[in-house]
Structure formats: C-alpha cells, structure tokens
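Below is one structure, written out as structure tokens; comments come after it.
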Amino acid sequence: MTKHDFRIVGKSVKRQDVIEKVTGEGKYTGDYHLPGMLYGKIKRSDIAHARIKSIDVSRALAYPGVKAVLTHHDVPKVLHYGSPHPRSASCTKDQYILEDKVRFWGEGVAAVAAISEEIADEALELIEVEYEPLPAVFDVDSAQSPDAPQIHDVGPGGNLVIPPVQIERGDVEKGFAEADLILEGWFEGGRPTPTYMEPNICVADWDGSGKLTFWTSTQTSFMVRGALAEVLGLPLNKVRVLVDHMGGGFGAKQDLFQHEFLCALLAKQCRRPVRMEFTRKETFLAGRTRHPFKMWLKQGFRKDGTLTARDMKIVYESGAYGSHSPGVTNVGTASATSLYRCPNVRLDGRAVYTNTPIAGAFRGYGVVQTYYAIDIQIDEAAEKLGIDPAEMRLRNAVREGDIAPSGHPIIGHGLETCISHGIKAFDWAGKRNADRTDPRNPAIRKGWGIGCEMHGSSAYPGIKEQGNATVKMNEDGSVTLLTGAAGLGTGAHTALAQIVAEELGVPFESVSVVHGDTDVVPWDIGAFASHTTYLVGSAAKMAAAELRQRVLARAAEKLQEKPEHLQMVDGIITVEGKPGQSLTVHEAMGPSRGIPAEHLIASGSYMPTKSYSFAAHFVEVAVDTETGIIECRKVVPVHDVGKVIHPIAAQGQIEGGIQQGIGHTLTEDYVIDRTNGRSLNAGLVDYKMPLSMDMPDIETIILEAAPDPGGPWGAKGVGEDPIIAIGPAIANAVHDAIGVRFHHYPITPEDVLEGLRRKARQDAGAA
Amino acid sequence: MKKIHLEFSVNGEQRSVLVEGYRSLLDTLREEVGLTGTKKGCDVGDCGACTVMVNGQPVNACLMLAAEAQGAEVLTVEGMQPNPDELHPLQEAFMEHGASQCGFCTPGILIMAKHLLDQNPLPTDEEIRFGLSGNICRCTGYTKIFDAIRTAGKRMAAAKAASVEA
Ligand code: FES
Ligand code: FES
C-alpha cells in the first residue's frame, strides 16, 4: 500500500443521507402516494402443500371498490428465479408468480386491487379456493426419505434443490489416522429471520407509452428490473425501478417476491398505480429466513491442538423454493475448508426442499451455520486437550497463502491479529481465571468465551460481480457520483462519497450521490455480500482517479504547466514549487483564455478477486441456573477490515450484527408447526429479538491488520462479519459458565435447565 | 362509511381532516395530513416506529384511533426542529453518533427520546434502556442510540443551566 495522507477516508464524516432520516423527510417506498392509487393485497393459502382444484373470484370481483383480481389463470406462465442473479454459478428456476399448486402455508394464491386496503382485505375473504391436499414434509429428514412427496418437478431429484456440493482436499482417512483426539457430533440451527423494520413494499405505475415505473424496497434494483422485464416481456428501458431510502434488508430483500410481480400486473390491468405493502405478519410468512440446518461434524486433532482432518455433512433446509439455497450451500459448505486450517477435508453440503417458508439470503449467508459448529467443536477439543481456547485458535488460524473457501490463496490474514489483540483488550487470561460465581446472586454463573470468523467481501467467484460508478464534475467544481448500489442503511453511499472525495482531491461536502434509479445510474449487481465499499468503492476510486487526470489536464492548459506538476487538494489545484500559482476546481472548469467549457465525466468498472475480513469475538455471559436465562453481558468484537473508511458506520454495522447474532443464539426462531406447516410466531411479540434492555456492553475494536489490494486503500467488507462469530462465542461462554455444551441455536432457558439436569445426572453417575 | 370531521393540532399547526371512524392516527397522519415521517413497522403496537406525542405523552399512533385525537396536540418527528434552520439536540446527536442506520426506527425513537429527556435530561443508562424498551431498532445494536441520547441530554442540561444563569 502506498503511503497516503488521508484527509477524508478514515474519518467519521457526517453521513450524507442522515439529515433526512432525523428530520423525517427521507422518503421510503411507503411514503409515495400517487393520485388515484389503488391498494393491492394477497390471498394466502391456509394449507402447506396442495393442488388448487378451483378458485372462484366472482364474489370478490363484484365487491364494491374492487378493481381487479388475479389468480394463476391470469398471470404469465413464466418460471423465474426467486433470486435472479444473472451471473451466478447456480440458480434454481422453480417459481411461477402464481401456480395451481401451493408449497407452503402462507403462499399467495390470488391478488386483489381495490380503492382501499380495507376493501382489498375484505375482498380476500370472498375468494373461494378449493384445495386438494398433498402429503407434506416439514423437516429435512422426512424430506430426504425415499418415500417423501416430491415438492418440485425441477431439480436433480428427490427434494434436493441442487446436486450435492462436494469438496475434498488431502486424505481425510489418513488425517484421522494421525489424530490423537477425534470429536464428532450433530449440530442444528433454527430459523431466524432478518426482521428489518420496514415491511416489504412496492408501488407500480404504468404510463401511456407502456413504461412501468416501479418503486420497491430492494437491495437489487437491477435484478428487479431484469426479472420484471423478462416476465412482462418488456425491453429493459421500459422498466424503471426506483429505490429511495429503505428500512433495512440484511440480505433478504434481494429476492423477487410474488407481490412485486403481482403489483405490476394489477397496475397494468387497472391502468392505475397500485401499492402493495406487507403487513408485519406477511413479512414473516412470505419474507425470507435464514436456512435452518443439520450438520454432522467430525474433526481430528493432534495433542498440540493441530487439526488433522475434518469431515462434514451439512443439510440446509430451503423451504418451499430454492431462492438462495444454491448460493448458501456453496458458500456455507466451502467455508468449512477454512477459518481453522486443516490439510484434509471432506465436505458434503445439500439443500433440501420442505413445505415451509422460503429460506433466502441473510447476513452471514450459510457461514453462520458452518462456523457455529466448527467453532464449538474447536472449543471442545481445546478443553479435552487442556489447551487455552484462545491459544487453540491462534495455533489453527488460517495464514497467508492458505487456500480460502473461494479456492484462492488468502491474501492478508487478519485472524491471528484479531485474536491476539482481543486477548489483551478483553483481559482473557484474567477473566478465564476469575471466579465464576456472582457474589450478589448464588444462582448466577459467569463464563467467558471466544468465537472467530472470516467472511468474503464479495460473492466472487460464485457470482461474476462487477462494481460500477460514474463521477461527474459540475461546472462549479462540485461533484456528482452515480451509483446503482442501494442504501440499506449501512452508510455505503457516504463511504463511496468519501472515496471519491479522497481520490479526486475535493472536499467531502462537494460530493453528492445519486442512486436508486435504474434509468440513470450505472448497472449494479446489488447491495449484498459485504461488497459495496469493496467493489463499488474500487470502481468509484477508479472513476475519480480518471476524472482527476482530466481536471488536471484542463487546469494544466489554463496554467500553462505540465499536468504532472499539478496537484489537487481540497479542491485547490496548485503547481509544485510555485506557491503563488493556483486554481480552484471551479476556475479550472469554466471557459477562459480561449479554452471552452467541457463536460467531464468518468466511469469505473471493477471486477473483484476475493478478499476476506476476519474477526474474533470475546464474550462474557451470566447464566441463571434457576431460570435458565442466559444474559450476554459484555462483548469485545475485534474486526480486521483492511482499511476503515468511516469508523462510526463500521462500528454501527458491527454492533448491529452483534445484536442480531445474540438474537439468533438465544431467542430468535421463527417456529413452524411440524405437523401442518403453520407458522406459530409471525409477529414481533412472539418472535423474540434482543431490544434495548437486552443489549450487552459492546467495546468495538476495528483493526486494519490485513489490507486487501483489491479494495480501496485496502478496505474490505464488514457488514456480515459481526453476526458470525458471536454465536459460537456465546455458546462457548455458556459452557465455560455451567459446563454444559450446546450444539444448537437458539439455546433457550428450557435447554439450559434440561442441560443442567442432564449434567447433574451425569456427575452423579460418575461420582 | 360516514366520515368523521377531525380537528387537531399537528406540530403546532391546526389541521382539519375527514376520516373514517376506523382510521388510525398513524394512517391519518401519513395519508391525510401528509406527514410521512412517522413510520409503520407493524401496525399492531409492537415496534414503536410510529411513536408520536399526543398532548405531551408518547403513544403508538397505530394503536390510537384518529378520532381519539380530536382537539389534541400531536407532535411528530417533523415538529422536532425548534426552527427550520436548527435541529433538535437529539437530531444533531443522532447524526454525530451514527445512531440512525436505515432510519426507519429513527422518528419513533427520536420522539421517545425527546420525551425521556424532557422529563430528565440526565437519565442513567438504565433509564435510557428502559425508556426505549418499546422501540425496536434492528440495525444499530442500540449502542450508538444510547450514546446519542446521553450526548443530547448533557447538551440540553447545559443549555438549560446557561439560560437559568443568564
Ligand atoms: S407501527 Fe405502531 S408500534 Fe409498530
Ligand atoms: S436504524 Fe434501522 S431499524 Fe433502527
């Protein structure tokens, strides 16, 4: 990395979009009210697997105020990808907008547009559907049994979504033969949901020329454009997708949802704008969740803790449709090649359809599951071998040149630094030797744990990604950055503006960002995979560098100097060695001395390789042995992000990820009744997330340990990382507190009490 | 359905609207009054995104019928600024501390925090956490929100002390 005296990057400048957020002026999709707008609603199935024998909409259509009703008879018969990544290595085309079949409880079977939401709701009640029930499966074991009902006709057979992902390196049998200790066990995880605060929503409006304008809360506006155009049979320039502010997504707002197609179709039929907004309950029913999983994991260790072999079989539950299952299975399975280096691995990853809600993309994309298991088993091995758990991780941490999950050699290995730094900052040794009882409450046992992770700053090579940015120099010296990357709330647009300002040599305040209009901004693959700053940031840096050259060339002409003797800092262009001579960018841009005005615009396109961010989380928990309640009291997350662009935004990402990770590990599970597929807690009261009272003390540490040459000044992703290591850290801390190992999440109070009882029986048996 | 004629004050301005009896205050503010700053995260009183102040008390606007606000004084996020060129200390602190990410929870949390600080500008950490226990934020991990509220409280207390001295 060349030495650079940073003026803007690395500073917590005021976020560009934030004034609108604190004043209430920022517009989210639901804030758009168009004249004559209608309201759309979806009729949902109350059966998990069935063929629709008949569907009668006559009463609904006749209801006053109802303008249109759509069923599977009225929509294009086009199979589409739920997650339409055109450049993805594997995708499943397994969804129709509406079909004569339902595959999960809550799937849409018809849609209504009416003059008010209330009327649309009432009309739904008037639609009569006759179902022919089909046998259904609600977990991966029954879905994989030879006589299981087949949920889809497409796919490789059985209820597999894709052919199994199998990875083999080295010689696993030889590795186990060399081991002094072999551990094996089952691991399992529930169904956490992203639960972003803004429910899914869209507004569709057609103009007289047959062009569709479509506002939606999506992370992938160009995918929405592509899928809508394909299904509706339109060229891309006849679909304009707009995303203004969005109330979170966490990965799950990457898919194309039924309501988005239906909203566009209803608006077309009614020739009026239509808005379709999920209720919170629908956001659970028809949104996306993390993949529940089941895993068998076996690892071999030498006495000194070195890993000799790893054998893993993981099954991800896809739910009713494929959505991101191919990607999650690929990424999650491959992730088991790494984190803790192991020369001999044999991995088998599968995704299986069931008649349950659709699992999709969610922060930590398959890796949350894999590393939860691996990191808990590493902790068990450390305990059995009498090695300090942090030391155990240091010995096995991936290093420079090791093969990463992507198949590339790792460039920059921040994990050891994160662990060593955290050991000191957390006072690991002191804490691990401390008393585990709480003098104020004899029922409380304290414990300390560590968890680690690594995560890619892009979806490459699974998706052939490309980051694009365009930068325009305005005639007054102000700058406009155009990007297709959505602003989920991470502060990505601010980071991009910082990168442009830094590279160009203008003040941060002079850069504004235009985003979220597919008619205007450069093509974008979507805001996901922790890649916006890394990927689009690199493109923005390239565009800014080119623009800078062109501005300097123009200034050089005006100053009658050589461009290479000029520099631009804070919007002032000076000549090396001639302090008296200078121009503002504004002066450089205007016509003068016979030099006409000029339109200066530059674009950058960046294709990533692969970079990884690293983290180690140190956690203190307090377990109440009477109630079984686990309280997460303190977290010290130590993250290597290569180069931090906006420290406060990066910290905020980390703290938010920890909040979700604590939820996953202790309380969050979207529960499906395994007898009929009904969801049991589709609401914010029954789906338990950590709130203000539940948050631990968090002391976030950001390191620039291992810059990646592919990112702007070495920057790597941070968005997904914090949700991964916190889970095993908590589970390991719980074990430290009460001596009980848990191999699943969420770890509920009932589990703790049962675990304590089991341990008491075992201890009694042993004594 | 017969509509109700409703008169109330929103952010100090007298408003008069016609709404159906079943309309919530939230939908009325957003769709009839045209103030979309207040957000709908659940519509059933679980998330706090729709928190507004009615006669000085925080309420979930999705749980209150508009008709119940007849004659009331309503304050929404749009009314927090003391004047158009100045932000409320909480708004300033939220920007500085990165307390708003996606921003969807922010209007409700700002109103709740204002209520908290109006009662007591120097709340303890426990009081801040308790005060926000009905507001869900899924992005920030709350840490930065706590920081912002503490900072704003200190500034408000200092400003108050200065004005008393002057
Ligand atoms: S929208 Fe009113 S509490 Fe959620
Ligand atoms: S900032 Fe997104 S929910 Fe709070």
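The values are calculated or read from the model by the stated rules, or taken from the named source; none is laboratory data. Being a predicted model, the structure only gives us computed values, none of them experimental. Glycine gets a Cβ as well: all are built from the backbone with ideal geometry, and neighbour counts include every protein chain shown. Keep in mind that these areas ignore ligands, DNA and RNA; they rest on the heavy atoms of the full protein, side chains included. Shrake-Rupley method; radii C 1.70, N 1.55, O 1.52, S 1.80 Å.
Each residue of segment A:65-72 was assigned a 3J(HN,Hα) from its phi angle through the Karplus curve 6.51 cos²θ - 1.76 cosθ + 1.60 (θ = phi - 60°); the sequence is x, 7, 10, 6, 9, 10, 10, 5 Hz, with glycine and proline shown as x. Projecting the Cα positions of B:M156, B:S9, B:G37 onto the charge dipole of chain B (unit charges on Cβ atoms of Lys, Arg, Asp and Glu, taken about the Cα centre) puts B:G37 furthest along the positive direction. Each peptide in B:85-96, A:526-537, A:678-689, A:282-293 was scored by the mean count of other Cβ atoms within 10 Å over its residues; highest first, the order is A:526-537, A:282-293, B:85-96, A:678-689.
Note on segment A:224-298: the alpha carbon radius of gyration divided by the globular reference 2.2 N^0.38 Å gives 1.41.
Three principal axis extents of segment A:349-389 based on alpha-carbon atoms, in descending order, are 44, 19, 15 Å.
How many Cβ atoms of partner chains, on average, are near each residue of A:654-660 if near means within 10 Å of its Cβ?
For this peptide, the per-residue mean of nearby foreign Cβ atoms is 5.
For segment B:116-166, the per residue solvent-accessible surface stands at 48 Å², with DNA, RNA and ligands left out and a 1.4 Å probe. Positive end of the dipole of segment A:625-767 (Cβ unit charges, origin at the Cα centre): among A:G710, A:V685, A:A767, the Cα lying farthest that way belongs to A:A767. Using just its DSSP H runs of length 4 or more, each adding -39500 (n - 2.57), chain A gives a mean residue ellipticity at 222 nm of -8500 deg cm²/dmol after division by all residues.
Report the residues of segment A:494-535 in range of a label on A:D570: point 7 Å along Cα→C-beta, backbone N strictly under 20 Å from it. The answer is A:498-512, whose backbone nitrogens lie closer than 20 Å to the label point. Interface residues of segment B:1-39, defined as those with an accessible-area decrease of at least 30 Å² between the chain by itself and the complete set of protein chains (probe 1.4 Å), are B:Y22, B:R30, B:E31, B:T36, B:K39. Calculated over segment A:457-607, the projected area of the Cα convex hull averaged across directions stands at 9.3 nm². Extension gain, A:E391 to A:D697, is 107.7 nm, computed as 0.36 nm per intervening residue step minus the present C-alpha separation. Using every pair of distinct Cα positions in segment A:1-40, the Kirkwood expression returns a hydrodynamic radius of 14.2 angstrom. Solvent-accessible area assigned to carbon and sulfur over segment A:581-717 amounts to 53 percent, based on a 1.4 Å probe. Every Cα-Cα pair in segment A:302-384 was counted, and those over 18 Å apart are 45% of them. Value of Rg to Rh for segment A:670-767, rounded to two decimals, is 1.11; Kirkwood radius and Rg both from alpha-carbon coordinates. Under 5 Å from the amide H of A:K67 lie the amide H atoms of A:A113, A:A114, A:I115, each residue being 5 or more positions distant or on a separate chain, with H modelled from the backbone and absent for Pro and chain starts.
Calculated FRET efficiency, A:R169 and A:D141, Cβ-Cβ r, R0 30 Å, to nearest 0.05?
0.60
Amide hydrogen proximity for A:R633: with H placed 1.01 Å from N in the peptide plane, the residues at 5 or more positions away or on another chain lying under 5 Å are A:E620, A:V621, A:A622. Percent of alpha carbon pairs in segment A:395-499 separated by more than 24 Å? Everything past 24 Å amounts to 59 percent. Label-to-label distance, A:V514 versus A:T480, with points set 7 angstrom from Cα along the beta-carbon direction: 0.3 nm.
Phi angles across segment A:314-321 convert, under the Karplus curve 6.51 cos²θ - 1.76 cosθ + 1.60 with θ = phi - 60°, into 3J(HN,Hα) values of 10, 10, 9, 8, 7, x, 6, 9 Hz, Gly and Pro given as x.
With every protein chain kept in place and ligands, DNA and RNA left out, what is the accessible area per residue of chain A? Probe 1.4 Å, answer in Å².
The answer is 34 Å² per residue.
In segment A:2-50, the residues whose accessible area drops by at least 50 square angstrom when the other protein chains are added to the isolated chain are A:K21, A:V22, A:T23, A:G24, A:Y28, A:D31, A:H33; the probe is 1.4 Å and only protein heavy atoms count. Based on Cα atoms of segment A:704-748, Rg over Rh with Rh as the Kirkwood radius reads 1.24. Buried area at the B:A interface is about 4000 square angstrom, summed over both chains, from accessible surfaces computed with a 1.4 angstrom probe.
For chain B, averaging the sequence separation of C-alpha pairs within contact (under 8 Å, six or more residues apart) and dividing by the residue count gives a relative contact order of 22 percent. Each of A:P292, A:S335, A:I314 was scored by the projection of its Cα onto the charge dipole of segment A:262-348, and the greatest displacement toward the positive side belongs to A:P292; charges sit on the C-beta of Lys, Arg, Asp and Glu. For segment B:66-98, the residues whose backbone nitrogen is under 17 Å from a point 7 Å from the Cα of B:A162, taken along Cα to Cβ, are B:82-83, B:86-93.
Annotation: Cα Rg of chain A relative to the compact-globule expectation 2.2 N^0.38 Å equals 1.00. Summary value for segment A:1-154: 33 percent relative contact order, contacts being C-alpha pairs under 8 angstrom separated by 6+ residues.
Cα centroids of segment A:238-288 and segment B:60-74: how far apart, whole angstrom? Each part reduced to its Cα centre gives a spacing of 29 Å.
Between A:E132 and B:K3, the modelled labels are 4.9 nm apart [label points 7 Å from Cα along Cα→Cβ]. The Kirkwood radius of segment B:1-88, taken over pairs of alpha-carbon atoms, gives through the Stokes-Einstein law at 25 °C and 0.890 mPa s a diffusion coefficient of 189 µm² s⁻¹. Close amide H contacts of A:S512 (hydrogens built in the peptide plane, cut-off under 5 Å, sequence separation of 5 or more or a different chain): A:V479, A:T480, A:L481. With θ taken as phi - 60° and the Karplus curve 6.51 cos²θ - 1.76 cosθ + 1.60 applied, the whole-hertz 3J(HN,Hα) list for segment A:200-215 is 4, 7, 8, 9, 10, 8, 9, 9, x, 8, x, 9, 9, 9, 9, 8 Hz, x standing for glycine and proline. Each distinct pair of alpha carbons in segment A:113-193 adds a 1/r term; the inverse of their mean, the Kirkwood radius, is 18.8 Å. For the pair A:S592 and A:R399, label points projected 7 Å from Cα toward Cβ lie 6.0 nm apart.
Each semi-axis of the equivalent ellipsoid for chain B is √(5λ) with λ an eigenvalue of the Cα gyration tensor; in descending order they amount to 29, 18, 13 Å.
Note the full-extension length gain between A:D304 and A:K464 as 0.36 nm times their separation in residues minus their Cα-Cα distance, in nm to one decimal.
Taking 0.36 nm per residue and subtracting the Cα distance, the gain is 53.5 nm.
When Rg and the Kirkwood Rh are both derived from Cα coordinates, the Rg/Rh ratio for segment A:353-450 amounts to 1.08. Where in segment A:483-520 is the amide nitrogen less than 15 Å from a point lying 7 Å along the Cα-to-Cβ axis of A:E25? Residues A:513 fall inside that zone.
With the highest mean first, a sort of the peptides A:111-119, A:131-139, A:63-71, A:162-170 on other beta-carbon atoms found within 10 angstrom per residue produces A:111-119, A:63-71, A:131-139, A:162-170.
Measuring nothing but protein heavy atoms, the accessible surface of segment A:140-249 at 1.4 Å probe radius is 49 percent carbon and sulfur.
For segment A:310-406, the relative contact order comes to 37 percent (Cα pairs under 8 Å, sequence separation of at least 6). For segment A:571-621, the alpha carbon convex hull comes to 278 Å³ per residue, rounded to a whole number.
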